[in-house]
Amino acid sequence: MARRYDIICFGDEVPGVLTLVCAAREYHRHTGKYPRSLLMFKGKSQLGIGGHLVRGGLSYLDRSAVPPPIRQSYNLDTFGDAPAIYQEFLQRSGVDKIALDPLKADATLREMLREIHAHVLSNIEIESVLKQGKKITGIQLIKKETYLAKQFIDCTVNAELAQAAGVKKLKGFETFGLPDSELAVTLVFETQGLGVEQLKQVELQYLKRLTNPADTEAQRWINIAAGSDTAIAQKLRNDLQDKQGNLKTMYAGQDYIDVRSKALSIAYHSFRGTPLSLEKSGAILDNGNIAILAGGRLSWNAFLYNVNADQAESLAKAKAQPTPAMLQEMEQVIQWFKMIGATHVKPATELYIRHAGNITGAVDPLTGSKMLAGGVPSHEALGTFGYHFDIRGGIEGLDSRAANKGLGNLVFIAPPLFNIGIQHALIKNTPNLAVISPASGFEGYAASAGRIVEFNCGVGQGVGIAAAKALLANLDMTNFSNQDVRNVLAETGRLPKIYGTAQIARAKQLDNFESQITA
């Protein structure tokens, strides 16, 4: 027997859950009733609701980057004016600045879902997607259960529901002409027993030794990490100090630590006897982004595994479970961190998969050059987000492909500060489906900034409003414009300040790069 809902969200990544919440609240504002909502995902809800931020343990949140002059002129906080739904989520989860405790995030999301009377179904697998014309009408599971709805949200990293519905997805970085290349995946881990001050001292001792030419053992460590390449060894040495010759010690903020040098990475790789190279070693300890959590816990976003596009897709389909080889390498990480003072090291239950391709056929695809040009026009903007084009671990083959095509170096492209819309998440030929994830309709460099949770929560807030309007009018989400959504945000006092910045010359340079790289 089929079960009927108004809206189904497939995947439990935070932007998707918050989209469902926004849709239900907007519907309730007009009718006094909550729509029939279902959150459906492949992971195990017993291990937490909240995708890679919860089961993947990614506690160090990437926040919007807003240049100081813009902050001053618009009287903004450090991270600008975040989407109202995201601010609420952070506040209810007890986030001070950057660190999100997965346990608190799970509790917050469950509470928000209870408030809108949503049903939750986990540990599922799609058998097929039911369609009537262009529209999705339901999802049939391998257990032969069928769930029908009017509007659908896909927040999975690989747009799994969209793919099952026949939406075309490009592999890897096919938008760069590199279908086999993909961003590295991470297994986040937590340490205990290694306090902030203790960790700073450990790093300082390594920095002192590695920058001492007379310390032959430390110089040997650098040589191992460099794969016996003298040029790379020198580059690693240079990275240990800033331009003034000061040691690049880690920076500890209120609830986070930024690791600025590769001292710990060199030490780990000398212990492993492997080069500090994703390509050569398959896994590296990179500069850590560390969240400081209660109870002396430190959460490390630092350990990268090299994957190609097919592997990223397979991992996403397999509930983001680390492979036996990945877990074996993590055992080495655990051993090394215990050697430097940790009493307990615990990896997350799921991988953090940054990217796994992009859907095609969005109403209005979003490119890196459009981001640099300031995003959607300010009069229809739903918010503003800033972030650098972050290709952590690199995109294999991009530099050589660019060189072969005689394209200039884009290393100095500035971070975009762009206005948010929803049209890159809506799909022309599947009008009642939105993809809100790193797999949205991004092209070129857009996927690198567009994969960040805070941005996708802003998009999700808008899509939620469009979904509610679609339910109320018996239409599809594609019937609603950015302007329609903006009017609701303004009417309900949730429209943030808009401060997207057009960097015209840089946008033109990037547009030239993005259009020619695939030619």
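Of everything in the stretch 241-272 that is of a type in the set (S, T, Y) and either part of a loop (DSSP other than H, G, I, E, B) or touching a Phe, Trp or Tyr at 6+ places or on another chain (Cβ under 9 Å) (or both), the residue that is farthest from L298 (Cα to Cα) is S270. For the stretch 481-508, residues that are free of Cβ contacts under 8 Å to residues at least 40 places away in the same chain and in a loop (DSSP other than H, G, I, E, B) total 1.
Only one of these is crowded, with 19+ Cβ neighbours inside 10 Å, more than 24 Å from L100 (Cβ to Cβ) and of a type in the set (V, I, T): V488, V463, V459. Name it. The unique qualifying residue is V488. Screening the candidates V202, V259, V196 for the property of being in the same structural domain as T349 (by TED's automatic domain parsing), over 30 Å from I395 (Cβ atoms) and either charged (D, E, K, R) or in contact with a strand residue (DSSP E or B) (Cβ under 7 Å, 6 or more places away or on another chain) (or both) yields one hit, V196. In this structure, S37 qualifies as touching a helix residue (DSSP H, G or I) at 6+ places or on another chain (Cβ under 7 Å), of a type in the set (S, T, N, Q) and under 26 Å from L130 (Cβ atoms).
Of all residues in the stretch 243-274, which are over 20 Å from D62 (Cα atoms) and of a type in the set (S, T, Y)? Passing the criteria: T249, S265, Y268, S270, T274. Look at I465 and say whether it is modelled with pLDDT of 95 or more, of a type in the set (V, I, T) and within 14 Å of the chain's Cα centre (by Cα). No; evaluated as a whole, the condition is false for this residue. Which residues, counting only those in the stretch 339-354, are assigned to a loop (DSSP other than H, G, I, E, B) and among the aliphatic types (A, V, I, L, M)? Result: I340, A342, A348, L351. Across the stretch 275-299, which residue is surrounded by the fewest Cβ atoms within 10 Å (Cβ to Cβ) among those that are more than 23 Å from S45 (Cα to Cα) and under 18 Å from the mean Cα position of the chain (by Cα)? Ranking the candidates gives N287 first. Once the stretch 77-102 is narrowed to residues that are in contact (Cβ under 8 Å) with a residue 24 or more places away in the chain and surrounded by fewer than 19 Cβ atoms within 10 Å (Cβ to Cβ), the residue that is nearest to the chain's Cα centre (by Cα) is K97.
The values are calculated or read from the model by the stated rules, or taken from the named source; none is laboratory data. The model shown is predicted, which means the values in this text are computed figures rather than measured ones. Cβ: placed from backbone, ideal geometry, glycine included. Neighbour counts: every protein chain shown.
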